[in-house]
Each structure stands twice: as structure tokens, then as C-alpha cells.
Amino acid sequence: MDMIKLIVQIAAAVSGSLAALMSLLLFVRLRWPAPVLWILKLFVSAWSPGLTLLGMLCTVVGFATGSVIISLIGMYDVLTFMIYIIRVTRPPGASGSFENAFGLCWEARIKAAQKKYFLTRRTVFKLPAVPDPRMEQHVVFATIPGTDRQLLCDIWQPPENVPPSRLAFIYLHGSAFYMLDKDCGTRPLFRQLAAQGHLIMDVAYRLSPETDIMGMVNDVKRAIVWMKENAAAYGINPHQVVVGGGSAGGHLALLTAYTADDPLFTPKELEGKDISTCAVISLYGTNDLKAIYYHTNQHLTTRSTPDRPKKAAPVKMPEWIKKRMGKDFHRLGMDKGFENAGALAPLLGGHPDECPAAYALFSPVNHVHPGCPPTLLIHGEHDIMAPVTSTHFLHTRLAEEKVPTVAHFLPQTDHAFDLVVPNLSPAAHTAFYDVERFLALQIKTDENKKRGLKNTKQISQTILNQ
């Protein structure tokens, strides 16, 4: 009996201590390059509900076996992870709230049918079960002019027994402008949104070095036009098209939405087409390219000076991750290596001091104007990739132009938080909660009125002339 008690105490002490040690990552703002710690932090954040339960178990074991130390370790785990969950699932602050963007009675504007599969609150232990959507993979939506290069997407339609909302959400995956692909960690979100009647168009846009940021924006605009021209076939209201994405995808979504009628950002074959969107969503998007250049230490990892060699950056995926990924290792472009992932100098033709106009031109924050569509910004305060300060500034600029904006800044939360164990992750749940309500608010009983997109051509020309 004493041996069993000792084994239980050792197991509780070791597991509780490991959880306590891992919890320290929630308090640290990591700086790139620190890929291993970043990934571990994402898992600690996502597993926080389970780690809370582990702490409760350790506390019980400590009390039951008379071990004060084990009880204290367990109570620390419970307190730390519970506080994190409470903080990360709070609603947005007053200046970025739904009430501030859409009025005090914003919830009354959402149809009852839309709410059936809503998350009932931000703090759910796991995502609820929803009906299976209808999914069509590898749909060709465009061919690059003068080539045989086809652009593909996946189409997620509402389940058979769910009435369509007639809203299309065009999603752009994260990529560091260099790797990854559609259908990468987003299925839980898409299932949730499809159950609410929305159609999701998951786009595989071209990446570097095949194209540059202008080419990527052009691909997104091709997706918008294709969706509008095929709206009748999919039961979509062409005035209810929302564009959004995560990380680089969020950047491209913002840049596309804010330059809808700018000929500089529009491919020739789309001239005269309606490329406007009724709203835009950015999940930890890169809003200011000069800011992200320094935030990710690219001035240290991509160039050297006579008195300082370049700082080492990760260039290869660990073998154990490669084996675990299997065929997705190649599909997601991981075989390209990491040396140029997110590197802006080769993408923009130089460093910020060498070509400042390029960094300014492709930064969404410089394209804000009164005609920008309603915007949802979700960003972790500890983001290792995209500086949260840039999103705070973008929010301020949108408020100055009186653009309806919901801005939610999640404490102790890092980049790509919604892609790691999203069924369990509190940070992912609070993002899903915001996204589903924001999309529901874009559904109108009548035809949406297009917001006037003014002076976007002049904005681009001003940037280039500086």
C-alpha cells in the first residue's frame, strides 16, 4: 500500500511540476528565431484546460496523501491556467468591441437561424458537434494569363439540412509568403462556419518565389471575382462576400479589401470588375512590413555588417516533425526550407533602408481610408511573428476614419494560436466566437449597399512618389 502511495505521489509530482514549468512560457514574449519554444508555447496554450484538470488532480492527490508540496504544485497549476483561460476568453476592450462597431443592439441584428450552431459562450471545454458540411476539393477558379498555371481552391458548402446564409467567406491561409497551402489546420473553423449556412472558399494563392506580393494580391482579387461571377450557382449574394485569413493571409486580405478599386493592385483581366468585399477579417495579420522586418530580427538574420555576422536562423525542419507530417511535408512546401520563409528583402527587392517605398506600398496600414469595409482584427499580445503594435496602430487609423472595426487583442497569446488543437484551445474558441458573430452581422435581408471606396488610387500613387 505504501508503495502504491509513493508511486502516485511521484507521478503527481512529476506531471504537476512539468505543467508548472511549461506554464512559464505563457509569461514570456518570445523573439524570433525561437521556433521550438514558440511551438511548445502554442501547445501549452491550447492544452490549458487539460492542464487545469491535471492541476486539480495533483491538488487532490496532495491532500489525500498528506503531501503539502504536491498540493501547492497542483494549486499553482490550477491558478495559473485558470487565470490564463479567463483572461484569453474575455470580450474585446471597449474601443474594439462589437458595441462600438455595430451599436448597442448589435446582437438583435443576427437572425435566429444563424445562432443555432453559435458557440454559446467563449469558455467552452471543446467545440460542439456540428453537421457535416459538403466539401469540394481542388476547384479551379482562375488561370494565370499567358500561362497554363491554374489556381485552386476548396469549396465548403453548408450541410444539406442547414439553410444557406448566402454569405461567402474567402479564406487565405498563412504562409510567410513562402510555404503552406489551403486545408492546413482550418477544418474545425470551416465546419463551424458552414454549419451556420456560410460558404467558405479556401484559396491556394501563389507563393514566393513563384510570384511577389502584388501577384498574391492579384490572385485574391481573381478569387473574389470568380466567387461573384459564380454566386448564382452557389446560392450566394454577390454583395455578401467577405475576405479574410491568418498571418500572411490576413495581410493579403486587408491589402486586397483596402485597395478594391486601385488599378495598381488589379490585374488587367479584371479591369472594370467588381472586386469590393462587404467586410474583411485578419487573424494576426502583418499590417506594417517595415515593423515586421525588425520585429522578426531580419536585420540580424538576413544581412551582416563588418563588425557583426548574421544571426543564425532555422533552415531545416527537424526529422521527427518531417516523419510525422508524412506526405503533407511536401504538400505544404516544407521541403523548400526555411531560409527565405517570411524574408522580406528577397520578396520586396531589398531591405527597408534600400527600398522604403516597396515596404510602405505593401503595408495595409498605409491604405486605410473612409471607404474601407468593416474590419475584424484578432491578434495575440505575445505574437512572435507579426508585431501586435502594428495592429493596435491599424485599429487606431481605422477608428480615425470611422470604419466599423472590432479589434480583439488576446493576452499571453502567440502567433497561429487558432491552428493548434483548435477543438480544445480557449484562444481558438474566442477567435471562432468573434468570427462567427462578425460574419453573421454582414448578412442583410436586402442587398448590401457598397461602401464608397474613395481615393485608393491616390493613396498608392502618393506612397510611390514619396
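The values are calculated or read from the model by the stated rules, or taken from the named source; none is laboratory data. Being a predicted model, the structure only gives us computed values, none of them experimental. When we count neighbours, we look across all protein chains shown, and the Cβ atoms used for this are built from the backbone with ideal geometry, even at glycine.
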Note to self: If I filter segment 203-226 for residues that are among the aliphatic types (A, V, I, L, M) and in a loop (DSSP other than H, G, I, E, B), do I get at least one hit?
What the structure shows: yes
Margin query: Tell me yes or no: at least one residue of segment 220-242 is in contact (Cβ under 8 Å) with a residue 60 or more places away in the chain, small (G, A, S), on the phi > 0 side of the Ramachandran plot and assigned by TED's automatic domain parsing to the domain that holds A142.
Written below: yes
Notebook entry, point to check: Restricting attention to segment 384-411, and to residues there that are of a type in the set (S, T, N, Q) and surrounded by 21 or more Cβ atoms within 10 Å (Cβ to Cβ), which single residue is farthest from W38 (Cα to Cα)?
Noted result: T405
Notebook entry, point to check: Is there a residue in segment 53-72 that is within 22 Å of the chain's Cα centre (by Cα), surrounded by 14 or more Cβ atoms within 10 Å (Cβ to Cβ) and not assigned by TED's automatic domain parsing to the domain that holds P426?
Noted result: no
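Return yes or no: is A233 part of a helix (DSSP H, G or I) and farther than 15 Å from L361 by Cα? Break it down stepwise before answering.
Details: part of a helix (DSSP H, G or I): yes; farther than 15 Å from L361 by Cα: yes.
For A233, the condition - part of a helix (DSSP H, G or I) and farther than 15 Å from L361 by Cα - is met.
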Item checked: Those strands (runs of 3 or more DSSP E) lying entirely in segment 65-181 with at least 3 residues under 30 Å from K402 (Cβ atoms), in contact with a helix residue (DSSP H, G or I) (Cβ under 8 Å, 6 or more places away or on another chain) and not basic (K, R) -> 168-172
Check: P133 versus (1) within 21 Å of the chain's Cα centre (by Cα); (2) under 20 Å from P422 (Cα atoms); (3) buried (at least 22 other Cβ atoms within 10 Å of the Cβ): which is the lone unmet condition?
Finding: (1)
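For segment 14-36: of the residues being in a helix (DSSP H, G or I) and at pLDDT below 95, which is farthest from L79 (Cα to Cα)? Let's see the steps before the verdict.
As a first pass, look at segment 14-36 and keep what is in a helix (DSSP H, G or I): 14-27, 35-36.
Next, only the ones that are at pLDDT below 95 stay: 35-36.
Values: P35: 27, V36: 26 Å.
Within segment 14-36, the match that is farthest from L79 (Cα to Cα) is P35.
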